[in-house]
Each structure stands twice: as structure tokens, then as C-alpha cells.
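Structure first, commentary second.
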Amino acid sequence: MIETAEEFVRLRTSDDPAEYRRAAADPAPQAVWFELVERYPEMRFWVAQNKTVPHSVLERLAADPDPDVRSMVARKRKLQPALMARLADDPNDGVRHGVVCNASCPPDILRRLASDRWSTVAEEARARLEDLSDDG
């Protein structure tokens, strides 16, 4: 378990692969995640990448000014559908692409993204919908 924001920063910036992996996989108390978001903006992307980060923190990061952070949130498999739907309307193409690439993206959101203004997102959404219809 990661006990402090400073410990997360140390793990994430370490040259030791085992420590680096801990930053991506170990849980931390919710207060530590929020402290990281507040005090270490350069770590927000890496907070979003952590496999155990709680939904409450993802909700906060989904509104981050950095589109790379929002894109990382959009790719989280455990993302709740309401938050995924909100990110599907993001003004940044990369964030919407993150949603369409999310393996957990529900068909209703894929249908919406099938007419996205960025052809890459629209084509990917249509291909995913076609795959779903082939499976079902």
C-alpha cells in the first residue's frame, strides 16, 4: 500500500522497475490520491494510470485541464458509464478516441461516437459496433 503522496512520487520517478510498477498497481488511501491531484499536478496522468485509483478520483481527473490526463481516464476499463458518456463529448479528439478504444465502452456510446467529427473516432466506433453485431 502506498501511504503518502510523497511515496507515490518517489515510486513513480524511481529507476527501479519494481518501484515503478508499484506506482501503477498498488492501492493508496483516497486522501493520498486527492493530495497527489492537488499538490502534484505533474503526477495526475500517473494517478489516472494506477489500476486501483477510486472512481471518485477518476471523476475529478475527468475534468482535468490536461487532455492527456482525461484521455488516460477515458481508457480505464472500470470507468462508470456516466463518466464515459461525459468524456465521449469531450472537445479533445484524443479523449474521445480514448473512450472509443475502451474495451468497456457500451454500445450506446459507440453509436454516438460513430458519427464523431473526427473520422478516426467515427471509423473505430463503427468497427467496434460491427464486431459487437458479429458476436451477437
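Any read-out appearing in this document is the output of simple, stated calculations on the displayed coordinates, not a laboratory observation. Owing to the predicted nature of the structure, the values given are computational and were not obtained by experimental measurement. No Cβ is skipped: glycine too gets one built from the backbone with ideal geometry, and neighbour counts run over all protein chains shown.
Here are the numbers for this structure:
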{"quantity": "Inter-site label distance for Ala85 and Asp135 at 7 Å from Cα along Cβ, in nm", "calculated": "2.1 nm"}
{"quantity": "Read-out log10 I(q)/I(0) by the Debye sum over Cα atoms at q = 0.09, 0.13, 0.15, 0.21 Å⁻¹, derived from the coordinates shown; its label in [x] -0.29, -0.57, -0.71, -1.10; [y] -0.21, -0.45, -0.61, -1.28; [z] -0.33, -0.62, -0.78, -1.28", "calculated": "[x]"}
{"quantity": "Estimated 222 nm signal from helices in the chain, with DSSP H stretches of n ≥ 4 weighted -39500 (n - 2.57), rounded to 500", "calculated": "-18000 deg cm²/dmol"}
{"quantity": "Highest-first arrangement of 46-59, 105-118, where packing means the average Cβ count within 10 Å", "calculated": "46-59, 105-118"}
{"quantity": "Ala127-Asp68 FRET efficiency (beta carbon distance; Förster radius 22 Å; 0.05 resolution)", "calculated": "0.35"}
{"quantity": "Cα shape, segment 28-77, gyration tensor, a/c 1.5 rule", "calculated": "oblate"}
{"quantity": "Simple Cβ-charge dipole of the chain, Lys/Arg +1 and Asp/Glu -1, about Cα centre, in debye nearest 20", "calculated": "260 debye"}
{"quantity": "Highest-first arrangement of 85-93, 16-24, where packing means the average Cβ count within 10 Å", "calculated": "85-93, 16-24"}
{"quantity": "Linear extension gain, Thr52 paired with Ala24, 0.36 nm per residue minus alpha-carbon span", "calculated": "9.3 nm"}
